[in-house]
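What follows is a single structure, written as structure tokens, with notes after it.
The values are calculated or read from the model by the stated rules, or taken from the named source; none is laboratory data. This one's a predicted model, so the numbers in the text were calculated from it and none came from an experiment. Glycine also receives a Cβ, built like all others from the backbone with ideal geometry; neighbour counts cover every protein chain displayed.
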Amino acid sequence: MSSNAIAEPTPDIIRWNAVACQLRLLDQTRLPGEIVHLDCATVQDVWDAIVKLGVRGAPAIGIAAAYGVCLAFKPQTDESIGEVEIRVQGAIEFLATSRPTAVNLFWALDRMRSVSADHATPNQYHASLLNKAHQIHDQDRQLCDAIGRFGADRLGTGRRFLTHCNAGSLATGGIGTALAPMYELHRRGEAIEVFADETRPLLQGSRLTAWELSRAGIPVTIITDSMAGCVLRDQRIDAVIVGADRITARGDVANKIGTYPLAVLAKYHCVPFLVAAPHSTFDLSMTSGADIPIEQRSVAEVTGVAGWSGDTVPAVFNPAFDVTPAELVTAIITDLGVIESPSEALIRQLLGRTV
């Protein structure tokens with residue numbers, strides 16, 4: 001168990017450098033050992049950072065991609081507005097190929113695509129694109145705060161929580177999604193404790209969640225993924241809280257691999273299983289979780305953790321996400337409110353004012 005006596009803020013994970021016209025990202029592949037930043041000057045740089053998980057977490061990916069669109073050209077260009085628009089649209093299509101599962105990426109890029117170049121000069125078009133990216137970034141901060149408030153109210157007197165992967169300030173433009181209610185409870189002066197699954201194979205729970213919660217002064221205990229069952233049985237867990245990369249119209253949830261078995265364990269042990277996500281994570285074009293594209297990651301991510309050579313492993317299956325069916329989800333905490341026992345009717349009713 002670990003906690004800091006003095007809270008330390010999480011470094012900015014995404015920052016637009018207006019002077020250099022570059023995007024600065026906190027390189028999360030280097031955490032917790034080093035705080036290193038990536039300075040992205042091109043669309044390719046941003047695409048690489050997303051694919052290599054330098055920036056990760058569904059909302060953060062969308063924000064980074066939005067700023068990445070702005071790197072399709074530099075101000076003071078000699079190109080015509082038509083040439084610039086073609087380049088921008090190409091950048092949007094390219095960035096959309098970076099990761100297939102997190103719908104926030106496509107939601108943010110669709111908003112960038114909606115920026116009109118009509119009757120604009122190249123510099124005016126660039127300013128409009130940048131303004132839209134800033135809006136997406138600022139809005140995510142507000143969505144995270146709202147999730148924190150709704151989530152803290154929903155958790156009530158709960159004090160011990162189990163989470164999986166990282167859905168905190170490192171994964172968003174604000175205080176997080178799954179971790180937002182914990183930060184809000186902590187802000188309210190409530191004494192809470194968090195158990196964080198390691199989250200194999202890339203250890204986002206032990207490398208990232210434990211790091212940021214500790215810096216915030218919140219007690220956190222790391223467990224391996226295989227320990228979740230006994231923790232749910234023995235440690236009086238009040239709720240399991242996870243984030244999401246895509247939620248279907250009926251409430252099926254795609255999240256980091258290992259979420260589905262955690263939901264099954266929570267159901268067996270009668271522990272509430274809660275999902276926290278902004279409204280932008282819902283994909284009403286999909287009803288079944290079976291339709292969600294699941295990203296397959298490199299063999300090296302699995303073999304590298306144990307220091308094996310890939311040549312010594314017969315085969316590796318490495319999906320980045322799994323899907324938890326709606327019937328295992330107790331409630332979905334959103335920036336618009338809480339959906340208890342999620343169903344398509346309840347989801348569409350809550351989202352009706354924004355979708």
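Could you look through the stretch 97-127, keep only residues that are touching a residue at least 60 places away in the same chain (Cβ under 8 Å) and in a loop (DSSP other than H, G, I, E, B), and pick out the one that is surrounded by the most Cβ atoms within 10 Å (Cβ to Cβ)?
This residue is A102.
Quick one: count up the residues across the stretch 242-301 that are assigned to a loop (DSSP other than H, G, I, E, B) and at pLDDT below 95.
Here the count works out to 1.
Of all residues being part of a loop (DSSP other than H, G, I, E, B) and within 17 Å of I61 (Cα to Cα) in the stretch 6-23, which is modelled with the highest pLDDT? Just the residue, please.
Among those that are part of a loop (DSSP other than H, G, I, E, B) and within 17 Å of I61 (Cα to Cα), it is I13.
So L26 ticks every box in (1) loosely packed, with under 14 Cβ neighbours inside 10 Å; (2) at pLDDT 95 or above but one. Which box is left unticked?
With respect to (1) loosely packed, with under 14 Cβ neighbours inside 10 Å; (2) at pLDDT 95 or above, L26 is out only on (1).
Scan the stretch 121-129 and tell me whether some residue there is more than 22 Å from A254 (Cβ to Cβ), aromatic (F, W, Y) and either in contact with a helix residue (DSSP H, G or I) (Cβ under 9 Å, 6 or more places away or on another chain) or not assigned by TED's automatic domain parsing to the domain that holds A49 (or both).
yes
Looking at the stretch 174-210 only, could you name the residues that are in contact with a helix residue (DSSP H, G or I) (Cβ under 7 Å, 6 or more places away or on another chain), among the aliphatic types (A, V, I, L, M) and over 23 Å from G229 (Cα atoms)?
I175, A180, L185
In the stretch 311-331, what residues are over 16 Å from R200 (Cα atoms), at pLDDT below 95 and part of a loop (DSSP other than H, G, I, E, B)?
At the first step, the residues of the stretch 311-331 found to be over 16 Å from R200 (Cα atoms) are 311-315, 323-331.
Retained after the next criterion (residues that are at pLDDT below 95): 311-315.
Selection gives V313, P314, A315.
Listed residues R250, R246, R297; which is within 20 Å of N166 (Cα to Cα) and touching a helix residue (DSSP H, G or I) at 6+ places or on another chain (Cβ under 7 Å)?
The unique qualifying residue is R246.
Hey, can you tell me all the residues within the stretch 215-251 that are closer than 25 Å to I347 by Cβ and of a type in the set (K, R)?
R246, R250 - these are the residues of the stretch 215-251 that are closer than 25 Å to I347 by Cβ and of a type in the set (K, R).
When both residues are 6+ apart or on different chains and their Cβ atoms are under 6 Å apart, which pairs have a first residue that lies in the stretch 170-182 and is under 17 Å from A196 (Cα atoms) and not assigned by TED's automatic domain parsing to the domain that holds V242, and a second that is crowded, with 24+ Cβ neighbours inside 10 Å and hydrophobic (A, V, I, L, M, F, W, C)?
As it stands, the answer is none, since no pair meets every condition given.
Among the numbered conditions (1) over 18 Å from Q135 (Cα atoms); (2) touching a strand residue (DSSP E or B) at 6+ places or on another chain (Cβ under 8 Å), tell me where K74 comes up short.
(2)
Just to be sure before I move on: is D45 among the acidic types (D, E), in a helix (DSSP H, G or I) and over 25 Å from V275 (Cα atoms) in the structure I sent?
Against the criterion (among the acidic types (D, E), in a helix (DSSP H, G or I) and over 25 Å from V275 (Cα atoms)), D45 qualifies.
Just need a number here: residues in the stretch 72-96 that are closer than 23 Å to L284 by Cβ and outside any helix (DSSP H, G or I).
Adding up the residues that qualify gives 1.
Test of understanding: among P278, P293, which residue is in contact (Cβ under 8 Å) with a residue 60 or more places away in the chain, surrounded by 19 or more Cβ atoms within 10 Å (Cβ to Cβ) and either within 16 Å of R348 (Cβ to Cβ) or under 19 Å from the mean Cα position of the chain (by Cα) (or both)? Please lay out each step first, then the result.
Values: P293 fails: surrounded by 19 or more Cβ atoms within 10 Å (Cβ to Cβ).
Going through P278, P293 in turn, just one is in contact (Cβ under 8 Å) with a residue 60 or more places away in the chain, surrounded by 19 or more Cβ atoms within 10 Å (Cβ to Cβ) and either within 16 Å of R348 (Cβ to Cβ) or under 19 Å from the mean Cα position of the chain (by Cα) (or both): P278.
Given the options T199, T248, name the one that is of a type in the set (S, T, Y), touching a His at 6+ places or on another chain (Cβ under 7 Å) and buried (at least 18 other Cβ atoms within 10 Å of the Cβ).
Of T199, T248, the one residue that is of a type in the set (S, T, Y), touching a His at 6+ places or on another chain (Cβ under 7 Å) and buried (at least 18 other Cβ atoms within 10 Å of the Cβ) is T199.
Just name the residue that is nearest to L71 (Cα to Cα) out of those in the stretch 24-42 that are in a strand (DSSP E or B) and out of contact with any helix residue (DSSP H, G or I) (no Cβ under 9 Å at 6 or more places or on another chain).
R24
Please specify each residue of the stretch 193-239 satisfying the condition of being assigned to a loop (DSSP other than H, G, I, E, B), in contact with a strand residue (DSSP E or B) (Cβ under 7 Å, 6 or more places away or on another chain) and under 23 Å from T303 (Cα atoms).
Once the filter is applied, which keeps residues that are assigned to a loop (DSSP other than H, G, I, E, B), in contact with a strand residue (DSSP E or B) (Cβ under 7 Å, 6 or more places away or on another chain) and under 23 Å from T303 (Cα atoms), the stretch 193-239 yields E198, T199.
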